[in-house]
Amino acid sequence: MSLKTAVDTFGLVLHPTKPVTESVATLAAWAHTHRGRVLARAVDAGRVPDDVETVPDEEFLDRVGGLVALGGDGTMLGAMRLVIDRPVPVLGVNHGNLGFLVEVTPGTLGEALEQLSRGDFTVESHGCLVADAGPVSLTTHFGFNDVVLARLGRSGAVSVDLTVNGRQYGYYKCDAVVISTPNGSTAYNYAAGGPVLSPSAAAIVITPVAPMAGIGRSVVLGAGDRVALTVAGDSAPVAVDVDGTAAGELTGGDALSAGLRENAAQVVRLSAGQHQNRSQIKLSLLDLPLRRDQLLELIPAHLRQNAELER
C-alpha cells in the first residue's frame, strides 16, 4: 500500500440497473462546493443530472484522476478493467449486498470524498489474469478475480490438460476449473474448497470443482508462471467466464493460456484495518449454514428494528 496525492476529478461508473441517484447527487454536490469535477461517460448521460459533465470514453479515461464505482463488486471490477491501461485509484460504493472490494456506503460517501480530495487514503495494488485462447476471441481478457472453464451443458465433464511454463503438469476431469488471483481467491475458488491467499501474495491458484479424476486439489503457482489448459478430445464443450462474465467457448484441441499481471489496478482504502476486519467477518458468515433472513433472526428484536431503519 502507498499514500496517494489528492484527487479532484472523479469519473463515475454506474451499475447498469441499480438506483444510484443518491450517490450521484452526493458527488455532484461535492464537486459544486469543492471546485472539483465529476465526469460521466456518454452512455450514462440519461442517469446523471445536468451539472455532471458527460464525455466520450476516450476523453473520460484521459481526464479522470480517480473513479467512483456505484454498485457492488461486479461494478468495481468493471471500473478496474476500464482503466487497466492507465490505473487510477478506484473507490467502491456499496449499492449491492455482500461486497469484498467495495468499502463505503452511500451514507458515508461524502466523508470519503473529503478524504480523497485531501489525499488521505492508501491504495491496494491488485493483479489480474491476462487470458488468451487460441482461435477463440475472448470478449474480456482481464480477470481481477478469476478465469473459469466450466462445462457448457448439464452432461459430461470438463477434461483439460494442464501445462505450466511449457511443461506438462497433469490433467483435470471435473465440472469446472477455476484459475484465481489472490484477491479473487475468496470468490469461486473459495466456494470450491480452494485456499484463501493473502492479497499481498504474488501467486495464482488453480482449483477443480467436483473433480472426478486427475488433479483433485488446488495448485498454487508463482506470479511469473504461465498456465495453459488444453481441452481434451473427450471433454464436454467448455464455456469460458472471466470475472463471472461469459467470454467465449472452447472445444477439443483449443487451449487457454493465462498469466498474472501485477499492479494492474489501484483500489482505494480509507481504513485498511477496518476493511480487513469486515472482510474476515464476511468470510466467516459464508461458512455459516444459515441464509441472510435466518441470520437476522439471531439479532435481538430492538437491534433488528434499528438495522431495518438504516437500510
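The values are calculated or read from the model by the stated rules, or taken from the named source; none is laboratory data. Since the structure is predicted, the reported quantities are computational estimates derived from the model, not experimental observations. Ideal geometry is used to build each Cβ from the backbone, glycine not excepted, and the neighbour counts take in all protein chains shown.
A few remarks follow.
- Complete set of residues in the stretch 21-46 that are basic (Lys, Arg) and crowded, with 17+ Cβ neighbours inside 10 Å: Arg41
- Those helices (runs of 4 or more DSSP H) of the stretch 1-99 in which 3 or more residues are hydroxyl-bearing (Ser, Thr, Tyr) and modelled with pLDDT of 90 or more occupy 21-34.
- Which numbered condition Asp234 misses (of (1) of a type in the set (Asp, Glu); (2) on the phi > 0 side of the Ramachandran plot; (3) surrounded by fewer than 16 Cβ atoms within 10 Å (Cβ to Cβ)): (2)
- Arg35 vs. criteria of a type in the set (Lys, Arg) and over 18 Å from Leu109 (Cα atoms): no
- Flag for Leu113 being within 30 Å of Ala31 (Cβ to Cβ), outside the structural domain of Arg226 (by TED's automatic domain parsing), in contact with a Phe, Trp or Tyr (Cβ under 6 Å, 6 or more places away or on another chain) and not polar (S, T, N, Q): yes
- Taken residue by residue, the stretch 217-226 has no member that is in the same structural domain as Phe142 (by TED's automatic domain parsing), of a type in the set (S, T, N, Q), out of contact with any Ser or Thr (no Cβ under 6 Å at 6 or more places or on another chain) and modelled with pLDDT of 90 or more.
- Candidate set from the stretch 121-151 (those that are assigned to a loop (DSSP other than H, G, I, E, B) and surrounded by fewer than 17 Cβ atoms within 10 Å (Cβ to Cβ)); member that is modelled with the highest pLDDT: Gly134
- The single condition among (1) free of Cβ contacts under 8 Å to residues at least 60 places away in the same chain; (2) on the phi < 0 side of the Ramachandran plot that Ala133 does not satisfy is (1).
- Among residues of the stretch 24-45, those that are within 20 Å of Leu82 (Cα to Cα) and not aliphatic (A, V, I, L, M), counted: 3
- Highlighted here are the strands (runs of 3 or more DSSP E) found entirely within the stretch 163-226 that include at least 1 residues which are over 23 Å from Ser125 (Cβ atoms) and charged (D, E, K, R): 167-174.
- The stretch 175-202 - residue that is modelled with pLDDT of 95 or more and under 16 Å from Ala131 (Cα atoms) and, of those, surrounded by the fewest Cβ atoms within 10 Å (Cβ to Cβ): Val177
- Any hit, the stretch 61-71, residues being under 13 Å from Gly11 (Cα atoms), without any contact (Cβ under 8 Å) to a residue 40 or more places away in the chain and surrounded by fewer than 15 Cβ atoms within 10 Å (Cβ to Cβ): yes
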